[in-house]
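**Q** Got a structure for you, written out below as structure tokens; questions coming shortly.
The values are calculated or read from the model by the stated rules, or taken from the named source; none is laboratory data. Bear in mind the structure is a predicted one, so any value in this text is a computation, not a measurement. Glycine also receives a Cβ, built like all others from the backbone with ideal geometry; neighbour counts cover every protein chain displayed. For the accessible areas, the whole protein counts, side chains as well, though only heavy atoms, and no ligand, DNA or RNA atoms are used. Shrake-Rupley method; radii C 1.70, N 1.55, O 1.52, S 1.80 Å.
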Amino acid sequence: MTQPDVLTTAAPPISAIEAGAMMQRCFGVTGTIRELSSERDRNFHIATPEGQGYVLKFTNPAEPALVTSFQTGAMQHVALRDPSLPVPRVVPTLDGEAQATVRVDGHAMVLRLLTYLDGTPLHAAPASPGQMRALGATLARLDLALADYEHPGSERDLLWDITRTASVADRLHYLADGPRRGMVERFIARFADLVAPRLPGLRHQVIHNDLNPHNAVVDPVGHETVTGIIDFGDALKAPLVNDLATALAYHVTSGETPFGSLVEMTGAFTAVLPLTDDEVDLLPDLVAARLALTIAITGWRAAEYPANAAYILRNAERAFAGLEKLTGDEAATAHRLLHRACQRV
């Protein structure tokens, strides 16, 4: 029998009243509750009378318990290794546990309470070179903090893993036929032939794997200090460089100069955590692979869940534009600039 998947299994609906009652029972916390958007879980923002903010997470019932405990442990590990890193803190239950199990509409769901990180969501803040440098340096610190984290749940079969880019080829028929689809098809074929065989030789560790503009929070005044990296839902053990590639994928078309944001973020990352020669060489193709994944997965999911299509496709146009830059006439420029950002010409 096929295991249910978090991308195809909808979490059961939960009202704010129900969520509040479970939160008070499990954590002893009360406050004003509003629902948050989520691709797979049921999440709520909590504002307490004392001014503290929390996120209450009801994990999708299709997610294996081992994976959930892996994600929770990752946040706890980072808090120990680098306490000043702005990642959510896990709030214990009244029984002193990291999470609780509740039943919702007949389904067992893991319930967690995390601290809420204040600031401006990255997608709502104007980009700047300083902001890109802050993102790169903060991500490198996060990867250093996760470097020695080991957990059996880290070995995941996750569609959003750049290593698995070739596996989405069978979903490209959901895209409209035309030049754009042809571009994605050609790149995925090239990835399978030339990039995938080199990945096993790279450094592997637990990575965040999803530093997109909805998962980063910055200072609301200058927008150049990272005040939060959230959502460890896609974390897994994978090539270390994939974490940087994933973050870069959302900024290919931004910057004051061609590929300027990529250069700033990469330079700041490698100043904290240097890449190997092989990692540098593969980085542009790994960025492109993340864009191809975004296009293929969101196109498929938007067709399957049209009511949620606007949320699912929020990064699609940027992904098409970025992939065109990295696989077209400007590809050689991108390779040269990223090599130079890593102090390798």
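**Q** Out of everything in the range 9-29 that is open to solvent by 70 Å² or more (accessible area, probe 1.4 Å) and assigned to a loop (DSSP other than H, G, I, E, B), what residue ends up being modelled with the lowest pLDDT?
**A** A10
**Q** Can I ask one more? Does A235 satisfy being crowded, with 21+ Cβ neighbours inside 10 Å, touching a residue at least 60 places away in the same chain (Cβ under 8 Å) and touching a His at 6+ places or on another chain (Cβ under 6 Å)?
**A** yes
**Q** Report yes if some residue within the range 284-303 is basic (K, R), touching a helix residue (DSSP H, G or I) at 6+ places or on another chain (Cβ under 8 Å), open to solvent by less than 40 Å² (accessible area, probe 1.4 Å) and closer than 20 Å to R198 by Cβ; otherwise report no.
**A** Yes, there is a match, as at least one residue in the range 284-303 is basic (K, R), touching a helix residue (DSSP H, G or I) at 6+ places or on another chain (Cβ under 8 Å), open to solvent by less than 40 Å² (accessible area, probe 1.4 Å) and closer than 20 Å to R198 by Cβ.
**Q** Taking L111, is it within 18 Å of the chain's Cα centre (by Cα) and either surrounded by fewer than 14 Cβ atoms within 10 Å (Cβ to Cβ) or touching a residue at least 60 places away in the same chain (Cβ under 8 Å) (or both)?
**A** Criteria not met by L111.
**Q** Also, I was wondering about something else. Identify all residues within the range 36-53 that are within 20 Å of the chain's Cα centre (by Cα) and open to solvent by 40 Å² or more (accessible area, probe 1.4 Å); write none if there are none.
**A** Residues satisfying the conditions are L36, S37, E39, R42.
**Q** Here's another thing I want to ask about it. Take the conditions open to solvent by 10 Å² or more (accessible area, probe 1.4 Å) and either over 30 Å from L36 (Cα atoms) or in contact with a His (Cβ under 6 Å, 6 or more places away or on another chain) (or both) and apply them to V280. Does it pass?
**A** Answer is no for this residue.
**Q** Got a sec? Which of E324, E279, E330 is over 17 Å from G182 (Cα atoms) and under 23 Å from the mean Cα position of the chain (by Cα)?
**A** E279
**Q** Follow-up question, since we're still on this one. If you scan the range 157-182, which residues turn out to be outside any helix (DSSP H, G or I), open to solvent by 40 Å² or more (accessible area, probe 1.4 Å) and touching a residue at least 60 places away in the same chain (Cβ under 8 Å)?
**A** Hits for the range 157-182: nothing passes.
**Q** So, of the residues in the range 251-272 that are within 18 Å of F320 (Cβ to Cβ) and open to solvent by less than 20 Å² (accessible area, probe 1.4 Å), which turns out to be farthest from the chain's Cα centre (by Cα)?
**A** The qualifying residue farthest from the chain's Cα centre (by Cα) is F259.
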